[in-house]
1. Using a cut-off of 23 Å between alpha-carbon atoms, which lysines can reach A:Lys108, once sequence neighbours fewer than 8 places away in the same chain are excluded?
2. How big is the gap, in Å, between the Cα center of the stretch B:185-240 and the Cα center of the stretch A:67-100?
3. List the lysines whose Cα lies under 25 Å from the Cα of B:Lys46, skipping any in the same chain that are fewer than 8 positions away.
4. Take every Cα-Cα distance within the protein assembly as shown, group them into 20 Å bins from 0 onward, and report for each bin the whole-number percent of pairs it holds.
5. Using bins 10 angstrom wide from zero, how does P(r) for the stretch B:79-144 break down, in % of all Cα pairs?
6. Cα axis of helix A:202-230 to longest principal axis of chain A: angle in degrees, 0 to 90, nearest 10?
7. Tell me the trypsin sites (Lys or Arg not before Pro) within the stretch B:5-102 that lie in a loop according to DSSP and have at most 10 other beta-carbon atoms within 10 Å.
8. Within the accessible area of the stretch B:79-144, what % is carbon and sulfur when the probe is 1.4 Å and the other protein chains stay in place?
Amino acid sequence: MVLVLGVWEAYVDLVSISSLVLPAPHAVLAALYTDRATLWHDLEPTAAEILLGILLAGACALASAVLLHFSGLARRALYPPLVATQAIPIPILAPLLVTWLGFGLLPKLIVIGLVCFFPIVVTTMSGLAAVDPDLVKLMRTLGAGRAQTFWRVEFPSALPGVFAGAKLAAVLAVIAVVLAEQAGSSSGLGYLLTVTVANLEMAEAFATVLVLVAFAIMLFTLLGVAERRAMPWIHERGNTQAR
Amino acid sequence: MISLEGVSHSFAVRRGGARLEVLSEVSLQVAGAETVAVVGPSGCGKTTLLELICGLQQPDTGTVRCAPAALMPQRDLLLPWLSALDNASLALRVRGVGRHGARAAARPWFERLGLDGFERARPHELSGGMRQRVAFLRTLLSGRPVLALDEPFASLDAITRAEMQRWLAHALEEERRTVVLVTHDVEEAVLLADRVLMLSPRPGRLIADVQVALPRPRVRTDAAVVALRASTLATLGVNA
C-alpha cells in the first residue's frame with residue numbers, strides 16, 4: 001500500500017503528469033482536508049441512502065429466501081424474474097427511475113435495493129440448503145413442527161450465509177449509490193463526483209472516492225463485528241482446541 | 001410398548017432405479033422398561049429399524065406400532081449455538097416450556113450425569129464423552145417412553161466408550177425406560193441389554209433373540225459375559 005502510494009507520488013512528481021490525468025496523492029490528501037466540510041455534508045445523504053437501501057434489500061431478501069426455500073412452486077415461479085433484476089444494466093435503469101420518480105430518496109433506494117437484494121437471497125438460500133438433514137430429523141423426533149425447526153435449527157445454521165451476503169451487499173451498495181446519484185440528484189458523494197469531474201477537479205474527485213472507499217470499509221468491518229457478536233460459537237471454536 | 005409385524009423396507013438407490021431391500025420380514029416385540037440391543041453387520045438396516053420405530057419412515061409392508069420414541073443419533077448433533085444446558089433441554093423448549101422452566105428441569109440432571117460445571121459450555125468446549133452424555137440427556141428429557149439409541153458410542157475412543165457404557169448402564173438402572181440400542185459392538189450389547197436381537201447381513205432378518213439373564217452391574221471380563229459375547233459372535237458368523 002505504502003509502496004504503491006510512493007511509486008504513484010514519485011511518478012506524478014518526476015514525470016510531471018498533468019493533474020487532470022492523475023492527481024498526486026499529496027494533492028488528493030490536500031483536497032480531502034480543504035473540502036472536508038463539503039465531503040462531510042455530502043456523505044450524510046449518501047450514507048443514509050446506503051444504510052436504508054441495505055436494510056430494505058436485506059429485509060426483502062431474507063423474506064424471499066425463506067419463501068423460495070420452503071416452496072418449490074415459488075422457486076420455479078420467482079427465480080427467473082429475480083435473476084432478471086440482476087441482469088438489468090443499472091446505468092440504463094437509474095436515469096429512467098429519476099425520470100419516473102424524481103430526484104428524491106426513492107429512486108436511489110430502488111437502485112441500491114436491486115443491486116444488494118440478490119447476493120443476500122443467494123447466500124441465504126445456500127445457507128438454508130446446507131442445513132444438516134439429520135438435525136431436521138432429530139427435531140422431528142423431539143416433536144418440533146416446521147416453524148420450530150426453522151427458528152431453532154435452520155435459521156441459525158443459515159446465519160453465516162446471511163452475513164456473507166450482507167458483506168457483499170455492503171460493498172456493492174457503495175457502487176450502486178454512486179450510479180444512482182449520478183443519474184440525478186442535488187446532493188451526495190455521487191453528485192459531488194459528477195460535479196468535480198465535470199469541473200476537471202481531479203484531486204477533489206479522488207478525495208470523494210477515498211471517502212466512499214473508507215465508508216465501504218467501515219461498513220464491511222462493522223458487519224464483521226456484528227457477525228462475531230451474532231455467532232459467537234463459530235469464532236470461539238478457533239480459540240479453543242478441538243477435542 | 002413396541003411391536004413390529006412382518007416389516008420390510010427398501011430404498012430407491014437412485015431416483016427411479018432399482019430398490020435396495022434393507023429389512024426383510026422383521027417381527028419383534030419389546031416390553032415396557034426393557035432394554036433391547038440390536039446387533040448386526042454394517043448395512044443390515046439397524047438405523048432404518050430405529051427410524052421406523054421413531055416414525056421417521058413408514059415400512060413398505062408390515063406394521064409398526066410403537067409408543068412415542070425419541071432418537072439419539074449416531075453423531076451427537078448438538079446445536080453449536082446453544083449451551084450444554086439449552087441443548088439438553090431442547091425437547092422441553094420445543095414442547096413449549098419457557099426458557100427458565102426448561103433449564104430448571106435439566107439442571108439437576110447435570111450433576112447426576114457428571115456434567116456439573118459445564119451447563120454454560122458450548123458443545124465444542126466439551127469432550128466427546130460429555131457431548132454424548134448431553135445428547136443422551138436431551139433424548140431422556142424428551143419425555144418419550146421409548147429411547148432409540150443409534151450406536152451412541154461408536155465415535156468414541158475405546159477407553160471413553162468403556163466408561164460411557166458403564167455410565168449408561170447406571171443411568172438406565174436409575175431411570176427405567178424402554179430402550180432400543182442399536183450397536184455393532186456385541187460386547188456393548190451383552191453389557192447393557194436385557195435381550196440381544198441379531199440381524200443378518202442385508203437385507204436384515206431377525207436371526208436370533210437371546211435373553212441376557214446376567215446380574216448387574218456386569219463386567220466385561222466376567223466369564224459369563226465373555227461366553228455370551230462369543231456365542232453371539234458365533235451366531236453372527238464371526239469366529240471369535
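The values are calculated or read from the model by the stated rules, or taken from the named source; none is laboratory data. Keep in mind that this is a model prediction, so the values were computed, not measured. No Cβ is skipped: glycine too gets one built from the backbone with ideal geometry, and neighbour counts run over all protein chains shown. Each accessible area value is taken on the protein alone, full model and side chains, heavy atoms only, with ligands, DNA and RNA left out. Shrake-Rupley method; radii C 1.70, N 1.55, O 1.52, S 1.80 Å.
1. Partners found: A:Lys167.
2. The stretch B:185-240 and the stretch A:67-100 have Cα centres separated by 62 Å.
3. Counting by Cα, and skipping residues close in sequence, B:Lys46 has these lysines nearby: A:Lys137.
4. With a bin width of 20 Å, the distribution comes to 19, 37, 24, 16, 4.
5. 25, 61, 14
6. Taking Cα atoms only, the helix is inclined about 20 degrees.
7. Answer in residue order: B:Arg14, B:Arg15.
8. 48 percent
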